[in-house]
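Please read the structure below before turning to the comments.
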Amino acid sequence: MEALHSNRNEINREPMEAYMKNHFSFLGIKSPERKKILSPILKECRQISEVERLEIASSLYDRHEREYHYAALALLEKGTKKASVSSIGFYKELVMTASWWDSVDMIASNLCGDYFKKYPQYLAPITEKWRVSSHLWVRRTSLLIQLKYKKDTNEELLFDTIDVLKHEREFFIEKAIGWALREYSKTNPEAVLNYIEKTGLRPLSQREGLKWLKNQAKITT
């Protein structure tokens, strides 16, 4: 991944770091350019084994600049069909490493989301375990795993997970609850509306959860 280092941009670096509240160092490579740089590299990695994929991703996460972390996640996303049963443990480690919304949300909805489509028997037990984790970002992940599942969403599990976490006074949990409900409302608006009406959600979660329904004029209040 030296291609990333050779394309570092000091002009972009500072504002990118500021946008992420200076939690991470950046090379200053914006998303469109980064994807262009990574495209041929990811193609070359198509045939590598899952073990090799995880090793490369781990080595990229050892670097400080955030673009390397994004590259690791892009590499892993290309290989979700090859994910082994044990890959979920590695994904959880990444959730807890250099944690912030930009990486965690990608891991939750893309990596974990694809993993549980391949191994659906583990969706409920792992979600139930993660939603009571002491780690904030693991709990957030439990809410976002099914974000892209649409009609395949395990509705009962989603609502049960929200019930467990709905009382937390934590922005990233409140926001994730609303986001999960908003996305599912596009598939089953009636179920989401009924759930919100009977559930004591925090204001932010409720606003976010109803946003799509209001925009579609499905509700007026």
### Residues satisfying the stated conditions in the range 98-118, i.e. in contact with an Asp or Glu (Cβ under 8 Å, 6 or more places away or on another chain) and not basic (Lys, Arg)
Met106, Asn110, Leu111, Asp114
### Message
I'd like the full set of residues that are aromatic (Phe, Trp, Tyr), part of a helix (DSSP H, G or I) and open to solvent by 30 Å² or more (accessible area, probe 1.4 Å), limited to the range 107-137.
### Response
Tyr122
### Task
Could you tell me which of the residues Leu158, Leu193 is out of contact with any helix residue (DSSP H, G or I) (no Cβ under 6 Å at 6 or more places or on another chain), farther than 30 Å from Glu93 by Cα, free of Cβ contacts under 8 Å to residues at least 40 places away in the same chain and not charged (D, E, K, R)?
Leu193
### Message
Consider the range 64-113. How many of its residues are among the charged types (D, E, K, R) and either closer than 22 Å to Lys21 by Cβ or free of Cβ contacts under 8 Å to residues at least 24 places away in the same chain (or both)?
### Response
6
### Message
Taking the conditions exactly as written (farther than 30 Å from Lys82 by Cβ and at pLDDT 95 or above), does Leu181 satisfy them or not?
### Response
yes
#### Entry: Check on Ser134, polar (S, T, N, Q), over 30 Å from Glu44 (Cβ atoms) and at pLDDT 95 or above
yes
### Message
What's the total number of residues in the range 26-77 that are of a type in the set (Lys, Arg), closer than 16 Å to Ile88 by Cα and open to solvent by 50 Å² or more (accessible area, probe 1.4 Å)?
### Response
0
### Query
What tally of residues in the range 138-155 results from selecting those that are open to solvent by less than 20 Å² (accessible area, probe 1.4 Å) and assigned to a helix (DSSP H, G or I)?
6
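Here's the yes/no breakdown for (1) touching a Leu at 6+ places or on another chain (Cβ under 8 Å); (2) under 18 Å from Asn110 (Cα atoms):
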site: Glu2; (1), (2): no, no
site: Ser6; (1), (2): no, no
site: Tyr19; (1), (2): no, no
site: Phe24; (1), (2): no, no
site: Ile29; (1), (2): yes, no
site: Ile37; (1), (2): yes, no
site: Tyr61; (1), (2): yes, yes
site: Leu75; (1), (2): yes, yes
site: Lys78; (1), (2): yes, yes
### Wholly enclosed helices (runs of 4 or more DSSP H) of the range 1-106 bearing at least 1 residues farther than 18 Å from Thr141 by Cα and among the polar types (S, T, N, Q)
10-19, 31-44, 50-61
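The values are calculated or read from the model by the stated rules, or taken from the named source; none is laboratory data. As the structure is a computational prediction, the values presented were derived from the model and not from experiment. Neighbour counts are summed over all protein chains in view; Cβ atoms, including those assigned to glycine, are modelled from backbone coordinates with ideal geometry. Accessible surface is based on the protein model in full, side chains and every heavy atom, while ligands, DNA and RNA are left aside. Shrake-Rupley method; radii C 1.70, N 1.55, O 1.52, S 1.80 Å.
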